[in-house]
Amino acid sequence: MELLQYTLRKLVAGIPLLLGVTFVSFLLMVYFGPDQTYVLLGKNPTAAEIAELRAQLGYDQPFFVRYADYLRELATLDFGYSNSTGEKVAGLLGRTIPVSLALILPGFVLGNLVAIMLALVAAHHRSGWVDKTIMGISVVGMSISFLIVVIAFQIIFSSSYGLGLFPVRGWNVHSFRDYLAHIAVPTMASVFVALGYNTRFYRSVIVEELTRDHVRTARAFGVPPAKLLYRNVLKNCLIPIMTRIVFSIPLIVISGALIMETYFGIPGVGKVTFDAITTGDQPVLKAVVGLTAVLFVLAQLVTDVLYRAVDPRVSLK
Amino acid sequence: MSAATGLPASAGREAQAAAATRRQTLWSKAAWKFRRDRAGMVGLCIVLVYFVAALGVWSGWWATGWAEVAGGKWNPPSAEHWFGTNLIGQDIYQRSLFSVATAFEVGLVVAVLSTLLGAVLGALAGFFSGKLTDELVLWLMGVLDSIPFYLLVAAIAFALEGNAWSMHVAMVSTFWITTSRLVRGEVIKLKNLEFVEAAHAIGVPEYTIIFRHIVPNTLHILLVQSTITFVAAIKSEVILSFLGLGVKDGMSWGLMISESTLEVLAGFFNNFLAASALMFVLVMAFNMFSDALQDALDPRKVS
């Protein structure tokens, strides 16, 4: 009951944020965005045709009427049809979001799990050669641009100049084997880059916890290192770790997917959104940006509830 | 004999330690600590070499022929073309050297502006924490944080109708947030200290307190954050240029890499390697410099 009340209160508190995000993105992407009138019309349109199309696209309405329409669409989750392809927006997203998730999730999960493990090892051997090696590699991972890693891995693993193990580009998935072959290179690239940032972050969190008194006491009582790291250190670090993971989810879905989808020619939601911005496909844009904002508010809610789950001292009041 | 040779060395070390304890300001201690950080010094030297290269480009001393078609298609490296030529016969060495200046231009503009913006808004939010100003700034940060970065850049690029500065505007409008959050936290801590109370008591105006007495005390955060922002700007430029949203007129590593995506499939790697290697070394050096700076300026940091 307390949890339900808390959830509702948090959702209400998320409304200003939702309004802000939808307003800024509406202003930028829809109001100042590309005008599709002359793209959709044929040659030599008459004034009546132009006016009709503008009315159909909603361009003739005043700003706040259009914004209010958008909010209504977001509330009912009905965004109409894509301007460019005529496909229903819900159908388009239903088709592309699973592709993006399938592409990104393995790398995201591995990138975080491996980073936490490396960070534990590094922190355990703090300022020894193991620590220095892991941190050195993570600075390298941080310093290479994601795009360079993607291109380099593609040359090394997929092209005929390298090992030629995996498909070079595209998304031609019919079986689980196809799936693994297609995500292999993107996953390796995203894990490589994620390891750089994540390992550093997790290590600094863990090292700070390691200097606490209760860890020293546990050590003095002879708790073995593996148990100490798991029970006394990792569990106490869960709050910053979870915050980082949950908050990176909404960004990963769009931004992280975008580069890989553009480069590998994979029909995911990142690519669809990017194309929608450049062509001014407003129904698609409105849907993606609105849903991302909702995802952010939900992410905040989830972290707050999870805080309570891992730390009983956190109050939900 | 061994005692005699050992003495000057230990005396020198003691003198050094004494000198370190004598000058007890934050900055001199940080400078002393920074100079002892080998990785940081190496990083700083490399960054300075790049900076000289950028200055040379700005002054027109070298890399003036980056746009000229000077050779054949995909010439191998030679005395004339150090890194070979690209698809249409332009000199890759000159193009990658010219891009150093572009990287510094993007990095400096974005780092300076977003640090300034972050400092001002963060300080105001922190000083008036819990009041309307703070709520507004926090709301703005939340809103801008919730729009996916590349979509925001694309949208700003279109709203500004392909203006060459749209990339900078977009980066500044998101990169100030982290700085601002850190400054806000520090200002909340600082504003309850005695020196602020004293300033209040003798009737110093509020905004003078904020910008003359509190903000200078967050300078160490601003310095470290601006190096981090610099690196982020260079890295974002590459991806934005690849997506066609970045550098409009001129040359950059991002444009070279995006050119090279066609070439690598044909087995020609010089363009890609030149841009990637130059960029990697600069970013790596900057990261090492930034880490050392952080270690030197933050006495509480556990590493």
Hits in segment A:133-161 (condition: surrounded by fewer than 19 Cβ atoms within 10 Å (Cβ to Cβ) and aromatic (Phe, Trp, Tyr)): A:PHE157, A:TYR161
Options B:VAL196, B:VAL215, B:VAL238: the member that is in a helix (DSSP H, G or I) and modelled with pLDDT under 90: B:VAL238
Which members of segment A:269-287 meet the condition of being open to solvent by less than 10 Å² (accessible area, probe 1.4 Å) and either under 13 Å from the mean Cα position of the chain (by Cα) or within 11 Å of another protein chain (Cβ to nearest Cβ) (or both)? A:VAL269, A:GLY270, A:THR273, A:ALA276, A:ILE277, A:GLY280, A:LEU285
Looking for something touching a residue at least 60 places away in the same chain (Cβ under 8 Å), more than 28 Å from B:LEU278 (Cβ to Cβ) and open to solvent by 20 Å² or more (accessible area, probe 1.4 Å) - is there at least one such residue anywhere in segment A:174-181? yes
Just one listed residue, out of A:ARG212, A:ARG244, is under 23 Å from the mean Cα position of the chain (by Cα), at pLDDT 85 or above, within 14 Å of another protein chain (Cβ to nearest Cβ) and open to solvent by 20 Å² or more (accessible area, probe 1.4 Å), and it is A:ARG244
Only one residue in A:ASP78, A:ASP35 is acidic (Asp, Glu), in contact with a Gly (Cβ under 9 Å, 6 or more places away or on another chain) and under 18 Å from A:PRO283 (Cβ atoms), so which one is that? A:ASP35
Identify, by number, the condition in (1) under 23 Å from B:VAL215 (Cα atoms); (2) within 11 Å of another protein chain (Cβ to nearest Cβ) that B:GLY130 doesn't meet. (2)
Sort through B:ASN287, B:ASN217 and tell me the only one that's under 25 Å from B:ARG181 (Cα atoms), within 9 Å of chain A (Cβ to nearest Cβ) and not β-branched (Val, Ile, Thr). B:ASN287
Restricting to segment A:207-246, name every residue that is within 20 Å of A:PRO312 (Cα to Cα) and of a type in the set (A, V, I, L, M, F, W, C). A:VAL215, A:VAL233, A:LEU234, A:CYS237, A:LEU238, A:ILE239, A:ILE241, A:MET242, A:VAL246
Looking only at residues that are at the interface with another protein chain (Cβ under 7 Å from one of its Cβ atoms) and hydrophobic (A, V, I, L, M, F, W, C) in segment B:266-282, which one is surrounded by the most Cβ atoms within 10 Å (Cβ to Cβ)? B:MET279
Within segment A:135-188, tally of residues that are of a type outside the set (Phe, Trp, Tyr), under 24 Å from B:GLY254 (Cβ atoms), within 14 Å of chain B (Cβ to nearest Cβ) and not in a loop (DSSP other than H, G, I, E, B): 17
Residue pairs meeting the criteria (Cβ under 6 Å; at least 6 apart or on separate chains; first on the phi > 0 side of the Ramachandran plot, in segment B:249-270; second assigned to a loop (DSSP other than H, G, I, E, B)): B:GLY267/A:TYR161
Counting just the residues of segment A:122-132 that are out of contact with any Lys or Arg (no Cβ under 6 Å at 6 or more places or on another chain), surrounded by 16 or more Cβ atoms within 10 Å (Cβ to Cβ) and part of a helix (DSSP H, G or I), which one comes out nearest to the other protein chains (Cβ to nearest Cβ)? A:ASP131
From the list A:LEU53, A:LEU92, which residue is in contact (Cβ under 8 Å) with a residue 60 or more places away in the chain and open to solvent by less than 30 Å² (accessible area, probe 1.4 Å)? A:LEU92
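The values are calculated or read from the model by the stated rules, or taken from the named source; none is laboratory data. Quantities reported herein were computed from a predicted structural model and do not represent experimental measurements. Cβ coordinates were reconstructed from backbone atoms using ideal geometry, including for glycine residues, and neighbour counts include every protein chain displayed. The accessibility values were calculated without ligands, DNA or RNA, using every heavy atom of the protein model including side chains. Shrake-Rupley method; radii C 1.70, N 1.55, O 1.52, S 1.80 Å.
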